[in-house]
Every structure is written in C-alpha cells, then in structure tokens.
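Okay, so here's the structure we're looking at.
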C-alpha cells in the first residue's frame, strides 16, 4: 500500500511544462488557434529554405500540405469513432466518398449546378452525417468484430454504387471538371497554379474541426464515449444510453469525413470511385493507430507524417537512389512498396509502442497496465491481491522498456 | 403497508437460462427507506435477480414495478412498434406515389421520395434511441417493452457490481461524473458551441462529484485513476458513482467482498449513513453475515432460485430452512 501511495502522481501544476499543460487545458480553443497559427507560419516559411526547397518548389509544398489537410481531417474524424468510442470502423472512406460526391453534384458541369462553397461544406458534412446515422442506427447494437465487418461491407458498397450507377455518376470516369470554390475573402482566388489559398483554407477547416472535436471530447458526451469504450455494460448501468451515444460518435466521425470530402473534391476537381477504395480506409486507420489513438493532436500529426512519407519521401527516395546510381535499387519503385512499408511500420509499432507515436494519456495507461487489469478482477479469490501495488507495476513496465504487448479494449 | 411506501415490487419473477431455472417465481418487495438484504449460498440466483431488477436481463416471466410503475415485464404488442416506425414514412411514400401518378413535375416527386427516406430514418433513430417521450408515445398505443438499464437509472435506480466495474483508466472524479450522465442535460450542440449551459453543467458536475467523493470518504482522491485506488476505495468509488444519478433505490452487490474487517466496518457504517442522511432505500447482496444482520431491516433468503425465507434478521437467524441451506440438512 505504501509503495502505491508514493507512486501516485503528484497533482497540481509544479513544473513550467505542467503549468503550460494546465493552461492549455483551460483555454483549449485559444491554444489550438495559437498553435495552428504558429505551425502555419512555420510551414509557409520552411519550404522557402533548404533542405525543403531542394526537394520541390514551395508551391508544390503548399499543395502537399493542403492535401495532407484532407487526411488530417479524416484521421481526426476516425479517431472519434475508433479512438474515443472504441468502435472499429473499416469502411470510413465511404463517408469521405459521400462528402466528395455531394460537392461534385453541387458544383459541376455534369449536374449543371454551381453552388457556393462554404454552404456546401456544411451540406456535404450533413449528408455524410445522415448516411452515418443511416448506417449506424440499425447496426450499432452489434459489437466488436461484427460491427467492423459491417462497416467493411458499407465501405465496399458505396464506391461500387458510385461505379455502377453510371447513369448518375459517370461510372469509372467519375465526375470531372468540378468548379473550384469562388474567391473567398482573405484567401483570394482558388486556381490550380497557386495552391496557397487551398493551403490556408485547409488549415482553417482543420483548426475548426480540431476545436470542435476537442470540445466534444471534453464534454459529457466525450466522457460517455470513454466509458463505453472501457466497459459498455457499466456505462449502460450508469444511465448512458449506449445506442444514441455510439450513434453520435458515428455521426460526428462521418461529418468530419464529409468536410474532408467536400474540400477534397473542390481541390482535385474530379471525383471517381477509385479514390475511395478500402486502401483509403486502411491508410486512415493506420494514421490513427500510428499517430496515437484517442489523442487529437497526435492523430493529426500522425496523419501529416504518414501522408508526407507516402507522397514526398517515397518519391524522393526514388530520385535519390537514381541519382546515386545504386545498382539493383534503381529498378525499385518505392511508391509500389508503400503498403509493404506501412505494414512493417504497423507491426513494429504494435511491438514496441502500441499506444502510437503521440499517445493520449489514457491510451498509454491502458496499454501498459492492461494485463494486470484483466486477470484478477473477475475472480473473487484473487481479489485480495488487487489492491496491492498497481503503481509499482506501472513503474516496472516503464523500467522494463515499453515492450508491453498491446491490448485493445 | 400501503402501496405507496414500497419502492420496488417484484411479482413472480422467473428467469430461465435454457433448462436452468436461475430465479423461480420470486415475490419480493422493498419498503421505502429500508435496507433489505438478499442472501443465499453461491449460485442461489441473487445476482441474476439483481440484474433483472437493473434491466440487464429480461425475466422469462413476471414483472418488476419500480416506484409504482411497471418497468420490466413481458413485452406487450411489441409487433406494433416496427409498424409504427414504418407508418408515417409509408403514408408519405404513398402520397409521393399518388402525386407522381397525378403528373406532378419530376422535381416534386424526387423531393417527396427524399422526404420519405428522411422520415424513415428519423423514425428509425427515434426507435433505436428509445427516449422517454418515445416510450410515452408507445404507451398510448398500449405497447410495452421492458426498460433498459439506462432507463432504470433515469427512473431512480443506482447499482454497483459484484466484480468492480469502474472505468479503470478514468480518474475517480470522471467516474463519478459519468455516473451523473443521466442527470445532465447538455447535448452535443452545447458541447460544440461551448454554451453557458455546458460550462455551467461541467462546473456543477465537478463540484457535485467532489462532494460525493467526500461523502464516501474519498476526499482529495479525485485526480487519481480508478485503478490506482486501493481495493476498498474502489468499492467506495463505485458507490459514489452509483449515487451520482441521485437514485431512490441503491443496489449493492456484495459491497464488502474481499475487504478486511476494518474496511468492512467502515463500509457498513457508510451504508447506514446513506440511508440516514440521504434517505435512500438499499437492496444489499451480501455474504458477510455480520454486515447483513447488523444493518438490515429485512432479510430475504434465496436458494436454488427459490425464496426460502423472509423476515427480520432475528427470524432468519433461527429459520431451520436457512440453516439447512447454509449448513446442509442434518443426517437422518
């Protein structure tokens, strides 16, 4: 008992870092805005100087950053479903597709419509949310694996629908020539040649989404999501309507994907079914896991890093290898192997750092005590040992390195 | 005893798991502001009975009345519920088809189909959510379905589990705040917009949670993770979490299991205080006879799913059937 009391973390802000964290927690939105402004400015300046300026022109960098924003949004949205509410969603790209096609229908020669961008951003998100609810309402009573299979099916159905309903969707060709957003105040004109406006717009959408998602996470609903992830029966027995709460997580995840979809369609100016295959759902899930499930900033950073590796690093690797004229390796196209690299990265991650690169506090705790937790509780006979030294175990795990096997509850 | 003074009435509650009769036709009442204990050997059906009251299991037969409302019983006219879900969208769909046949422009028909689908979705979501208003709506059509665990909490029932089921990776304070979930009103829109209501409720729930922690003797432990608390404190935290929903009836499933005599005495005192100070009615499952005999007003004994005795602790102590259930029948 004494060991545990001493191992207990001291509360209250003591170090400057802790004080900063306390401040950030109290003024969440302001902190997010300030950080995003700093990051944005840094990312405007960095591409102008080496080494980034050697790799590609700064405009190309801004373009990459803007595209990365799409994946950051997707990862943050999936994080609500997987990281907060603990529902495995393998068909997340479907909502992305629905958001994209919604914008395509509202702004393309195909549909003879040209509606303003910002309202469509909300409409696209709303349509995706409706589909999220439509999918969730009948199926959220399923648990774990069954829910995952069901979402996998939905993720397959949606692109196939867009592919085969070619009378309304132009099938494989997709809907092309989508109109770019009309010039917005502060951002100026959206043209293919200057991606800067897209970049700023994507930062703004990401910032907004981040603020809103943090608010959800810190609210009564966010607590309920956490409770459901930890113990669904106990959550229900404490007055949480598990069905509506899970449905809400689904809807909010879908809404975020809808935002991403609208932005994506307006930027690429074409939507086609093969943009939304399972590989996208999988990539986003990998981003969430690599970034650190449950931590919004971590997931965003994970998505950014993974996207840059996919898009920039692998391409550069090809160039570097070619320039150095390494025998054998010159014939390898690294882009072809990105999923192999993904797979290896995931395996290594699960072995050495199951909580992700930037874990949420909660996840870290879960993953590093999981084994000690599961066993004793259900058996009254061992109960006496429960109270002994969980704190000591924790320190033991940390001392023994971080290779405690992952355990997802 | 008048009807109003009974918090809970179980009528001929039976639960079968396949061929096993876990609970057999039990009649049981809990008078207001009393402490009633449920005892019996292992496997007697105590926890099953508890779970039926809490809305986790549906009974095979019988009914539970809680605060003079039938909460759990056989479903009545359950087939009508899906019919109701479909009724409104169906009417809309037929209307759309009619105006389509009558030669309305294509746009109008598409809008009609769209509205029909949305209505279907809305009724599906309402049905799945089963909010209180929806349940009242169903009652008008004579449809009855057993309450779910969260409905029982809203109705005023709090419970703890035999094997502690705290949210281990949340802090003690957060655990209690989760317990308050059904009493808070801020919705997702409040959270998104950070409305005054949301901020006010967050502050209120934190303050109230601190109070409850203090009540159960966990003052200053709010920031600790549930799983880092000593075993006895975890039991207390579970009680605080159950109290957070302002229950009328508190179900405690072996609250002193695995505790040392010291902790047991402390917890017994706490249970007595809950009744005295908060005016709670308490139903207790307990193996520790000292606890049971010390604080119970009435004791009910189950064995093999049947009620074999009921009465004051004194009566139970002398009841030959009870002695037989616990110690076995004398050799012939």
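The values are calculated or read from the model by the stated rules, or taken from the named source; none is laboratory data. Quick caveat: nothing in here was measured; it's all calculated off a predicted structure. All Cβ positions, even for glycine, are placed from backbone atoms using ideal geometry, and neighbour counts span all protein chains on display.
Observations on the model:
- Residue count, the range B:211-231 (criterion: touching a residue at least 12 places away in the same chain (Cβ under 8 Å), part of a helix (DSSP H, G or I) and under 23 Å from the mean Cα position of the chain (by Cα)): 4
- Selection status of residue A:287, more than 9 Å from every other protein chain (Cβ to nearest Cβ) and closer than 21 Å to residue A:24 by Cα: no
- Top-ranked residue of the range A:186-203 - restricted to ones that are surrounded by fewer than 16 Cβ atoms within 10 Å (Cβ to Cβ) and out of contact with any helix residue (DSSP H, G or I) (no Cβ under 7 Å at 6 or more places or on another chain), ranked as modelled with the highest pLDDT: A:191
Conditions tested, residue by residue: (1) in contact with a helix residue (DSSP H, G or I) (Cβ under 9 Å, 6 or more places away or on another chain); (2) more than 15 Å from residue A:209 (Cβ to Cβ); (3) crowded, with 24+ Cβ neighbours inside 10 Å.
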| position | (1), (2), (3) |
| --- | --- |
| A:258 | yes, no, yes |
| A:264 | yes, no, yes |
| A:271 | yes, yes, yes |
| A:283 | yes, yes, no |
| A:286 | yes, yes, no |
| A:293 | yes, yes, yes |
| A:302 | yes, yes, yes |
| A:308 | yes, yes, no |
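- Test: residue in the range B:54-70 that is touching a helix residue (DSSP H, G or I) at 6+ places or on another chain (Cβ under 8 Å), within 14 Å of chain A (Cβ to nearest Cβ), surrounded by 15 or more Cβ atoms within 10 Å (Cβ to Cβ) and in a helix (DSSP H, G or I): no
- One residue from B:93, B:103, B:107 being farther than 22 Å from residue B:22 by Cα, free of Cβ contacts under 8 Å to residues at least 60 places away in the same chain and in a loop (DSSP other than H, G, I, E, B): B:103
- Filter result for residue A:313 (assigned to a helix (DSSP H, G or I), within 29 Å of residue B:169 (Cβ to Cβ) and either more than 12 Å from the chain's Cα centre (by Cα) or touching a residue at least 40 places away in the same chain (Cβ under 8 Å) (or both)): no
- When residues in the range B:130-156 are screened for being outside any helix (DSSP H, G or I) and touching a strand residue (DSSP E or B) at 6+ places or on another chain (Cβ under 6 Å), 3 of them pass.
- Within the range B:152-161, considering residues that are more than 15 Å from residue B:236 (Cα to Cα) and surrounded by 23 or more Cβ atoms within 10 Å (Cβ to Cβ), the one nearest to the other protein chains (Cβ to nearest Cβ): B:153
- Criterion (assigned to a helix (DSSP H, G or I) and either within 13 Å of another protein chain (Cβ to nearest Cβ) or touching a strand residue (DSSP E or B) at 6+ places or on another chain (Cβ under 8 Å) (or both)) met by exactly one of B:267, B:274, B:252: B:274
- Residue selected from the range B:162-186 under the condition more than 7 Å from chain A (Cβ to nearest Cβ) and not in a helix (DSSP H, G or I), by the criterion surrounded by the fewest Cβ atoms within 10 Å (Cβ to Cβ): B:185
- All conditions but one from (1) assigned to a helix (DSSP H, G or I); (2) within 14 Å of chain B (Cβ to nearest Cβ); (3) surrounded by 24 or more Cβ atoms within 10 Å (Cβ to Cβ) apply to residue A:243; the one that does not is (3).
- For the range A:219-239, filtered to residues that are more than 7 Å from chain B (Cβ to nearest Cβ) and within 11 Å of residue A:86 (Cα to Cα), the residue that is surrounded by the fewest Cβ atoms within 10 Å (Cβ to Cβ) is A:232.
- So residue B:229, is it out of contact with any strand residue (DSSP E or B) (no Cβ under 7 Å at 6 or more places or on another chain), surrounded by 22 or more Cβ atoms within 10 Å (Cβ to Cβ) and over 15 Å from residue B:177 (Cα atoms): yes
- Helices (runs of 4 or more DSSP H) contained entirely in the range A:100-218, each with at least 1 residues that are closer than 30 Å to residue A:298 by Cβ and either in contact (Cβ under 8 Å) with a residue 40 or more places away in the chain or within 14 Å of chain B (Cβ to nearest Cβ) (or both): A:117-139, A:144-164, A:196-217
- Of the residues making up the range B:110-125, just one is more than 9 Å from chain A (Cβ to nearest Cβ), free of Cβ contacts under 8 Å to residues at least 12 places away in the same chain and under 30 Å from residue B:58 (Cβ atoms), namely B:122.
- Counting only helices (runs of 4 or more DSSP H) wholly contained in the range A:1-72, the ones carrying 1 or more residues that are more than 14 Å from chain B (Cβ to nearest Cβ) and at pLDDT 80 or above occupy A:16-26, A:28-45.
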